[in-house]
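What follows is a single structure, written as structure tokens, with notes after it.
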Amino acid sequence: MNFEASIRLSILGADDRLGITELFHRVNRLLPVDQEIVSVSPETKVGDALQQMKEHHFSQVPVVAGQEVVGLFSYRSLALKLPEIDPKKHNPVELPVEEAMEILDAAKFTHIDGEYQAIIETLDRDDAVLIGEPRRLQGIVTAMNVVRKLYEFASPYFLLEEIELSVRRLMREAMNDADLAKCSKACLTDKYDPDPVPTRLEEMSFNDYVQIIGYGRHWEQFKPVFGGARDRTRARLKVVGELRNDIFHFRRTITIEDHQELRDTRSWILMRSRIIDARVGKGGAAHA
């Protein structure tokens, strides 16, 4: 399955069909939904095991005798055993994997409902954690599985941070602080009445930015940095503002299409930022 197409980001929404405990991040949520468990026997030649690992893009395979997992053969376990093998007497690839595997017992397994913290040390040491028990292997979690899952969880926040901070900088390139304060009072007074209108960008919401940028009377000052048409720029940023609220308040599940919308907007903002950087020079400013 293509990684980008597999992003589900279930952390960002609550599905009422799930049990409440399933909303917590435990080991079972690290297992790839389409994971195929490939195993070898203790008698399998090292060379054959390596070939299987190469074909499936695995870094390790469980070693199974009958119905029980007795070991884990990996590039790491082979590397650790090679110094003990005399190449003049034995061709390493012709040896059975039991000569180059890590021997396992029940203590090497983690329960599928275990907490993330329980597997960190094992992953750091062994690069993989077996899920289940010796007679019932339910899956293998690798360090890369954890990295991918953390990316799924965190990527919307990274994208939103980049978009929001860059929009703020672009606004400053279009106007100085005094002009931004005047613009804010001109188009945000009704929204904040009777409270004071925020005049500093750091005090404003993202939706405030959208309203200020899309305010017709000031568009000519923002157009050089955002480019394009006012209505299209405002609409694009408005969608990001709505997604931002959904994400930070966990209102619904974020879809693949939502994630792509954030990525597209991030790419657009990056493009505009490159244009402004090239125009004003490193460390420069576009306004007088």
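The values are calculated or read from the model by the stated rules, or taken from the named source; none is laboratory data. Please read all numbers here as calculations on a predicted model, not as lab measurements. With ideal geometry, Cβ positions are generated from the backbone for all residues, glycine too; neighbour counts draw on all protein chains shown.
In the list Thr189, Thr199, which residue meets the criterion of being farther than 15 Å from Met175 by Cα and out of contact with any strand residue (DSSP E or B) (no Cβ under 7 Å at 6 or more places or on another chain)?
Working: Thr199 fails: farther than 15 Å from Met175 by Cα.
Exactly one of Thr189, Thr199 is farther than 15 Å from Met175 by Cα and out of contact with any strand residue (DSSP E or B) (no Cβ under 7 Å at 6 or more places or on another chain), namely Thr189.
The single condition among (1) under 20 Å from the mean Cα position of the chain (by Cα); (2) at pLDDT below 95 that Leu130 does not meet is (1). Residue count for the stretch 178-236 under the criterion of being surrounded by 12 or more Cβ atoms within 10 Å (Cβ to Cβ), within 23 Å of Glu161 (Cβ to Cβ) and under 33 Å from the mean Cα position of the chain (by Cα): the result is 20. In summary, Leu80 fulfils each of the numbered conditions (1) touching a helix residue (DSSP H, G or I) at 6+ places or on another chain (Cβ under 8 Å); (2) without any contact (Cβ under 8 Å) to a residue 60 or more places away in the chain with the single exception of condition (1).
Restricting to helices (runs of 4 or more DSSP H) lying wholly in the stretch 143-255: which have 3 or more residues that are basic (Lys, Arg), under 27 Å from Ala278 (Cα atoms) and not assigned by TED's automatic domain parsing to the domain that holds Glu121?
Values: elements: 143-174, 177-192, 206-213, 219-226, 230-248.
Where helices (runs of 4 or more DSSP H) fall fully within the stretch 143-255 and carry at least 3 residues being basic (Lys, Arg), under 27 Å from Ala278 (Cα atoms) and not assigned by TED's automatic domain parsing to the domain that holds Glu121, they are 143-174, 230-248.
Counting only residues that are surrounded by fewer than 16 Cβ atoms within 10 Å (Cβ to Cβ) and assigned to a strand (DSSP E or B), the stretch 49-88 holds 2 of them. The set of residues from the stretch 243-274 being surrounded by 15 or more Cβ atoms within 10 Å (Cβ to Cβ), of a type outside the set (S, T, N, Q) and over 19 Å from the mean Cα position of the chain (by Cα) comprises Trp268, Ile269, Arg272. Against the test of being in contact (Cβ under 8 Å) with a residue 60 or more places away in the chain and either in the same structural domain as Thr21 (by TED's automatic domain parsing) or among the β-branched types (Val, Ile, Thr) (or both), the options Ile103, Ile112 yield a single qualifying residue, Ile112. Cβ separations smaller than 6 Å between residues 6+ apart or across chains give the following pairs from the stretch 260-288 residues that are outside the structural domain of Lys238 (by TED's automatic domain parsing) and modelled with pLDDT under 95 to residues that are of a type in the set (Asp, Glu) and surrounded by 11 or more Cβ atoms within 10 Å (Cβ to Cβ): Ala286/Glu173.
Any residue at all in the stretch 26-43 that's surrounded by 13 or more Cβ atoms within 10 Å (Cβ to Cβ), out of contact with any Cys (no Cβ under 6 Å at 6 or more places or on another chain), over 26 Å from Arg135 (Cβ atoms) and not basic (Lys, Arg)? Looking through the stretch 26-43, none of the residues is surrounded by 13 or more Cβ atoms within 10 Å (Cβ to Cβ), out of contact with any Cys (no Cβ under 6 Å at 6 or more places or on another chain), over 26 Å from Arg135 (Cβ atoms) and not basic (Lys, Arg).
Can you report the number of residues in the stretch 89-132 which are among the aliphatic types (A, V, I, L, M), surrounded by 16 or more Cβ atoms within 10 Å (Cβ to Cβ) and not in a helix (DSSP H, G or I)?
Within the stretch 89-132, the first condition is being among the aliphatic types (A, V, I, L, M), and the residues that meet it are 93, 95, 97, 100-101, 103-104, 106-107, 112, 118-120, 123, 128-131.
With surrounded by 16 or more Cβ atoms within 10 Å (Cβ to Cβ) added as a condition, the list becomes 95, 97, 100-101, 104, 112, 119, 123, 128-131.
In the following step, the residues that additionally are not in a helix (DSSP H, G or I) were identified as 95, 100-101, 104, 112, 128-131.
Qualifying residue count, the stretch 89-132: 9.
Restricting attention to the stretch 133-163 and to residues that are surrounded by 18 or more Cβ atoms within 10 Å (Cβ to Cβ) and closer than 18 Å to Ser267 by Cβ, the residue that is nearest to the chain's Cα centre (by Cα) turns out to be Pro156.
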